[in-house]
1. Answer yes if at least one residue in the range 59-77 is surrounded by fewer than 20 Cβ atoms within 10 Å (Cβ to Cβ) and among the polar types (S, T, N, Q), and no otherwise.
2. Show the residue pairs that are 6+ apart or on different chains and have beta-carbon atoms under 9 Å apart, the first residue being within the range 67-86 and more than 20 Å from R146 (Cα to Cα), the second being surrounded by 15 or more Cβ atoms within 10 Å (Cβ to Cβ) and small (G, A, S).
3. Please give the number of the condition V41 fails out of (1) surrounded by fewer than 22 Cβ atoms within 10 Å (Cβ to Cβ); (2) farther than 23 Å from E119 by Cβ.
4. Given (1) part of a helix (DSSP H, G or I); (2) in contact with a helix residue (DSSP H, G or I) (Cβ under 9 Å, 6 or more places away or on another chain); (3) under 14 Å from H98 (Cα atoms), identify the lone condition not met by L45.
5. Could you identify the single residue in R46, R57 that is modelled with pLDDT of 95 or more, under 23 Å from P133 (Cβ atoms) and out of contact with any strand residue (DSSP E or B) (no Cβ under 6 Å at 6 or more places or on another chain)?
6. Name the one entry in E27, E20 that is over 16 Å from the mean Cα position of the chain (by Cα), among the charged types (D, E, K, R) and surrounded by 18 or more Cβ atoms within 10 Å (Cβ to Cβ).
7. So, restricting to helices (runs of 4 or more DSSP H) that lie completely within the range 78-176, which ones have at least 3 residues that are under 19 Å from the mean Cα position of the chain (by Cα) and at pLDDT below 95?
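The values are calculated or read from the model by the stated rules, or taken from the named source; none is laboratory data. These numbers come from a predicted model, not from an experiment. All Cβ positions, even for glycine, are placed from backbone atoms using ideal geometry, and neighbour counts span all protein chains on display.
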Amino acid sequence: MSPRTSPEALRALLGPVLHEEAVRYAEARTGAGRAHAERQVQECLRYLHLVSSHPDRLGGLFLPVEQDIDEIWHYLILQTREYRALCEERLPGRFFIHHRSIGYQDYQAEPGRERAAEEALRWIPLYCAEFGPLDEGVLPHWTIVRFLHENLGLSLAEISALDAAPQPQPEPASAG
């Protein structure tokens, strides 16, 4: 499984100036080193790329990423002209990605635990198909991946191999 979208292609979505600003923002906000901040920006762009590519499957779902990634998204949204261009001209879906704020407790009450789990797992095969197998670098940023790895003991290779949940099939029409 090789990536269709490289880290370089993701950086190019922002352009060098906005990418550097976002990395510096992440670095200053978290106090993490530059490499960690660059990965945070990369995972934020991967998140936005997936939402843009699969609005029918991922739109409106609870954020599967950590708060630090969400904060980078907020930072990008505040760069209004550049964010609009990113969404409408550079990301594959070519539509404005709105931010929907809902607390985790409210979200859990809304769809129920089983549906929340299915929605969280929905991201993994789409992520791997677009960006390649999961690596250690995703663990601090993607909540569901870290949970499966640390709490359930799944290897990153096993998590990367998870298939998308089967989509409900319509019942065949009866001939009668």
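1. Looking for residues that are surrounded by fewer than 20 Cβ atoms within 10 Å (Cβ to Cβ) and among the polar types (S, T, N, Q), one finds at least one in the range 59-77, hence yes.
2. Short answer, once both residue conditions are applied: Y75/A22; Y75/A26; L76/A22; Q79/A22.
3. (1)
4. (3)
5. Values: R57 fails: modelled with pLDDT of 95 or more.
Testing whether each residue is modelled with pLDDT of 95 or more, under 23 Å from P133 (Cβ atoms) and out of contact with any strand residue (DSSP E or B) (no Cβ under 6 Å at 6 or more places or on another chain) leaves just R46.
6. Step by step, each of E27, E20 is checked, and only E27 is over 16 Å from the mean Cα position of the chain (by Cα), among the charged types (D, E, K, R) and surrounded by 18 or more Cβ atoms within 10 Å (Cβ to Cβ).
7. On the way: elements: 80-85, 104-109, 113-131, 143-150, 156-160.
Counting at least 3 such residues, we get 104-109, 113-131, 143-150.
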